[in-house]
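Since the structure comes first, as structure tokens, the remarks are kept for the end.
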């Protein structure tokens, strides 16, 4: 199940970067545990969408880390599109899915 509904991306401003090219800033719908909210997001020239407005917490931790959910392509030949979740340390420990530790940030309105 996807966290981001990419069809709901709405552009509010456009930026042009010398390296990254056109970057569209706006909002996108994100769904976590049956709750859907509009969160800030950016769409890059290659189609990658990065969404913020969420936090991540490790199972045994108390700190809430700023989180990014990214919709992007994986692989050079026959790329497939999917989501990655980023927060806290670069942790590739077996048995832990960062998606299970996500929640919405308090400052994001419903």
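The values are calculated or read from the model by the stated rules, or taken from the named source; none is laboratory data. Not measured: the values here are computed from a predicted model. Positions of Cβ are backbone-derived with ideal geometry, glycine not excepted, and every protein chain shown enters the neighbour counts.
From the residues in the stretch 7-21 that are modelled with pLDDT under 95 and surrounded by 11 or more Cβ atoms within 10 Å (Cβ to Cβ), which one is farthest from residue 103 (Cα to Cα)?
Among them, the one singled out is 21.
Among the numbered criteria (1) more than 13 Å from the chain's Cα centre (by Cα); (2) on the phi > 0 side of the Ramachandran plot, which one does residue 46 miss?
Going through the list (1) more than 13 Å from the chain's Cα centre (by Cα); (2) on the phi > 0 side of the Ramachandran plot, residue 46 breaks only (2).
Residues in the stretch 34-74 that are out of contact with any strand residue (DSSP E or B) (no Cβ under 6 Å at 6 or more places or on another chain) and touching a residue at least 60 places away in the same chain (Cβ under 8 Å): how many?
Residues meeting the conditions: 1.
Filter the stretch 62-87 down to the residues that are in a loop (DSSP other than H, G, I, E, B) and under 14 Å from residue 103 (Cα atoms) and list them by number.
Narrowing the stretch 62-87 to residues in a loop (DSSP other than H, G, I, E, B): 62-64, 75-79, 87.
If the condition is that a residue be in a loop (DSSP other than H, G, I, E, B) and under 14 Å from residue 103 (Cα atoms), then 62, 63, 64, 87 are the ones that fit.
Against the condition within 19 Å of residue 105 (Cα to Cα) and more than 10 Å from the chain's Cα centre (by Cα), how does residue 79 come out, does it pass?
no
Conditions tested, residue by residue: (1) at pLDDT 85 or above; (2) in contact with a helix residue (DSSP H, G or I) (Cβ under 8 Å, 6 or more places away or on another chain); (3) surrounded by 10 or more Cβ atoms within 10 Å (Cβ to Cβ); (4) within 24 Å of residue 9 (Cβ to Cβ).
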residue: 40; (1), (2), (3), (4): yes, no, yes, yes
residue: 44; (1), (2), (3), (4): yes, no, yes, yes
residue: 47; (1), (2), (3), (4): yes, no, yes, yes
residue: 55; (1), (2), (3), (4): yes, no, yes, yes
residue: 58; (1), (2), (3), (4): no, yes, yes, no
residue: 75; (1), (2), (3), (4): no, no, no, yes
residue: 81; (1), (2), (3), (4): yes, no, yes, yes
residue: 87; (1), (2), (3), (4): no, yes, yes, yes
